[in-house]
Amino acid sequence: VELAETIGRPVLGRLPAVSLVLAAGLTGDRDACESAAALLLASGEPLLVQAALIGVGALHLSVGELEEALVTYERIGAEFGLGAGVTRWEPEWCEVLVRLGRMEEAVHALE
């Protein structure tokens, strides 16, 4: 991602940024996740925006920010719908709902 920006071709950093935002989110690396997410969000491309939000949602979940994770997952659902895209985020959304004691919503999401 840095190399792509250094050579003036940030578009070449988008695919690695997708991997980075997801991995950093899952491991709780806030700086890397937010940096990659910013690049993807700035693209305005729906699949890249979705990937950025999935990574950010995973970050919030991995560091225990359940309310923030819920807001992010609800945004993904509202903007992209369930079962859309290539990266699954719905299981983590259900986990957040369960951990927040919102079982009925989690069951509905699974259905």
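The table for this structure:
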read-out: Kirkwood hydrodynamic radius of the chain, Cα pairs, Å; value: 14.1
read-out: The chain: most fluctuating residue of Leu26, Leu47, Leu82 per GNM, C-alpha cutoff 10 Å; value: Leu82
read-out: Folded to 0 to 90 degrees: helix 46-62 orientation relative to the chain principal axis, Cα; value: 60
read-out: Helix 66-80 axis, angle to the chain major axis (alpha carbon atoms, nearest 10°); value: 80
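We did not get these values from a lab; they are worked out from the coordinates using the rules stated. Fair warning: this is a prediction, and the values are worked out from it, not measured in the lab.
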